[in-house]
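The values are calculated or read from the model by the stated rules, or taken from the named source; none is laboratory data. Please read all numbers here as calculations on a predicted model, not as lab measurements. Heads up, the Cβs are rebuilt from the backbone with ideal geometry, glycines too, and the neighbour counts pull from every protein chain shown. Surface accessibility is based on the protein's heavy atoms, side chains included, excluding ligands, DNA and RNA. Shrake-Rupley method; radii C 1.70, N 1.55, O 1.52, S 1.80 Å.
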Protein chains: 2
Amino acid sequence: MVMGRPRSFCTDKALDEAMEVFWRHGYDGATLAMLTKAMGIKPPSLYAAFGSKEGLLKAALDRYAERRAEHMRYVLAGATARDVAERFLSSIAESHTDPANPPGCLLVQGGLACGAGSENIPFELASRRAQTETELRERFVRAKRDGDLAEDGDPAALARFLSTVASGMGVLASSGADREALREVARVSLGAFPPSHGVADEPG
Amino acid sequence: MVMGRPRSFCTDKALDEAMEVFWRHGYDGATLAMLTKAMGIKPPSLYAAFGSKEGLLKAALDRYAERRAEHMRYVLAGATARDVAERFLSSIAESHTDPANPPGCLLVQGGLACGAGSENIPFELASRRAQTETELRERFVRAKRDGDLAEDGDPAALARFLSTVASGMGVLASSGADREALREVARVSLGAFPPSHGVADEPG
DNA sequence: CAGCTTTTGTATCGAGTGGTAGATAAGTCA
DNA sequence: TGACTTATCTACCACTCGATACAAAAGCTG
């Protein structure tokens with residue numbers, strides 16, 4: 001089997017650069033010129049590798065999801081429901097103000113509203129945001145079964161609340177709020193969380 | 001003084017239509033073709049009246065602010081800090097899912113990230129969002145002075161928390177969440193609010 | 001080497017972008 | 001009525017958009 005000319009750029013590195021452009025300018029605001037310049041490649045190479053601008057975004061979102069996966073593993077490993085909430089919010093305060101990335105969250109910055117021809121982009125981003133909420137909800141369902149979430153705690157409502165606060169923190173960060181401001185929001189938000197009790201909180 | 005040919009369209013009606021387009025598609029996603037079609041006028045009329053696309057957005061934002069002003073008057077008229085928070089969140093759950101408007105909040109949907117040439121749009125929107133937070137903060141400062149906010153309640157932190165939740169609810173609504181979902185988020189969020197005490201809560 | 005496959009760069013496509021020039025229409029005032 | 005002012009319409013500007021045709025280049029196989 002003949003191999004053909006080998007690719008001259010690293011797909012993952014190129015995706016990291018594309019991710020940053022989408023993150024900073026949104027899907028509609030990110031032009032092919034910006035993307036190809038940041039990725040260090042020409043349009044035909046981009047289209048050969050990713051198919052289309054939308055295909056490139058999805059590949060970048062997949063890579064973003066990989067990064068967040070280990071993140072969420074740490075969050076979900078919290079001992080109690082409240083501990084999970086605390087890990088979730090405080091780690092978001094850090095990541096959304098990480099100077100290594102554009103401020104905020106790619107899944108929010110990417111585009112809540114798009115122009116004609118890219119109406120499905122907001123849906124794509126929303127479905128990826130929803131996944132985090134689902135992970136939290138399932139964790140809280142388990143927490144309730146295990147007794148480390150209060151009896152009157154609603155797993156679905158709490159997961160949606162945390163996910164909503166996370167989105168709001170993304171908006172806040174994108175307006176230039178500093179890390180301390182986000183930490184404060186996280187701290188206040190935790191006040192809405194029912195205190196854990198049961199096995200995980202019992203002394204000894 | 002000579003008057004000249006009178007304007008053939010109603011500025012406010014045209015702004016309402018433009019507002020809806022910006023709301024649904026964002027600043028970058030809203031094209032002149034969409035805007036002029038919705039407003040029922042031709043480009044030269046638009047430019048004569050509003051100067052530029054950005055000028056049109058600012059005029060639409062001013063109109064949006066007028067609408068919200070009476071809204072906020074009701075919110076800030078709450079008897080206690082907690083009552084203000086409750087009014088704020090529940091009215092947002094309603095307004096962000098009002099079928100008469102696109103879902104979410106114009107100040108969020110309008111554009112968190114924009115393309116080259118409209119980098120100042122996100123700042124413009126952020127500064128308008130910040131105004132709501134300021135109004136809440138000032139109300140809570142007064143509440144603390146009047147004794148209807150707990151001693152350990154931080155007016156700035158609480159205002160920022162509410163503003164953040166409101167932005168998050170905007171994101172949630174724009175992903176298609178229904179009114180009941182937003183009401184639930186509002187209900188959970190209120191749990192983060194310190195219970196009011198003092199004169200306003202005293203019996204009698 | 002020749003032959004094949006795939007990638008790369010140049011140069012460009014048609015469509016759509018925000019914005020405008022210039023003529024015409026519709027009013028008011030003398 | 002006719003001069004004056006302003007708004008509106010048609011047509012179009014230069015430019016950028018996402019995407020691609022085509023040929024040269026770079027690798028492997030025989």
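Data overview
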quantity	calculated
Close pairs from the stretch A:143-166: first closer than 17 Å to A:A79 by Cβ, partner of a type in the set (S, T, N, Q), Cβ under 7 Å, at least 6 apart	A:A143/A:T80; A:D148/A:T80; A:D148/A:S196; A:L149/A:S196
Near pairs, Cβ below 6 angstrom, 6+ apart or cross-chain, from the stretch B:25-44 (in contact (Cβ under 8 Å) with a residue 12 or more places away in the chain and part of a helix (DSSP H, G or I)) to any residue that is within 11 Å of DNA strand D (Cβ to nearest atom) and among the aliphatic types (A, V, I, L, M)	B:M39/B:A14
Tabulated pairs, the stretch B:110-134, first within 7 Å of chain A (Cβ to nearest Cβ), second among the polar types (S, T, N, Q) and outside any helix (DSSP H, G or I), C-beta under 6 angstrom, 6+ apart or interchain	B:A126/A:S175
Identity of the residue in the stretch B:185-204, more than 13 Å from A:V165 (Cα to Cα) and open to solvent by less than 60 Å² (accessible area, probe 1.4 Å), that ends up modelled with the lowest pLDDT	B:A200
Odd one out for B:F9, checked against (1) more than 11 Å from DNA strand C (Cβ to nearest atom); (2) open to solvent by 20 Å² or more (accessible area, probe 1.4 Å); (3) modelled with pLDDT of 95 or more; (4) part of a helix (DSSP H, G or I)	(4)
Count of the stretch A:12-24 residues which are open to solvent by 40 Å² or more (accessible area, probe 1.4 Å) and either within 14 Å of chain B (Cβ to nearest Cβ) or near DNA strand C (Cβ under 9 Å from one of its atoms) (or both)	2
Among residues of the stretch A:155-179, those that are facing chain B (nearest Cβ under 8 Å) and acidic (D, E), counted	0
Whichever residue in the stretch B:30-42 is open to solvent by 60 Å² or more (accessible area, probe 1.4 Å) and farther than 21 Å from B:Q109 by Cβ and, among such residues, is nearest to DNA strand D (Cβ to nearest atom)	B:K42
Complete set of residues in the stretch A:87-100 that are away from every other protein chain (no Cβ under 13 Å) and in contact (Cβ under 8 Å) with a residue 60 or more places away in the chain	A:F88, A:S90, A:E94, A:T97
B:L46 being open to solvent by 30 Å² or more (accessible area, probe 1.4 Å) and within 16 Å of DNA strand C (Cβ to nearest atom)	no
Conditions (1) farther than 20 Å from B:G115 by Cα; (2) within 14 Å of another protein chain (Cβ to nearest Cβ); (3) more than 24 Å from the chain's Cα centre (by Cα): number failed by A:F9	(2)
Yes/no for B:G147 being out of contact with any Asp or Glu (no Cβ under 9 Å at 6 or more places or on another chain) and on the phi > 0 side of the Ramachandran plot	yes
Subset tally (residues that are among the hydroxyl-bearing types (S, T, Y), under 15 Å from A:Y27 (Cβ atoms) and in contact (Cβ under 8 Å) with a residue 24 or more places away in the chain) for the stretch A:45-76	1
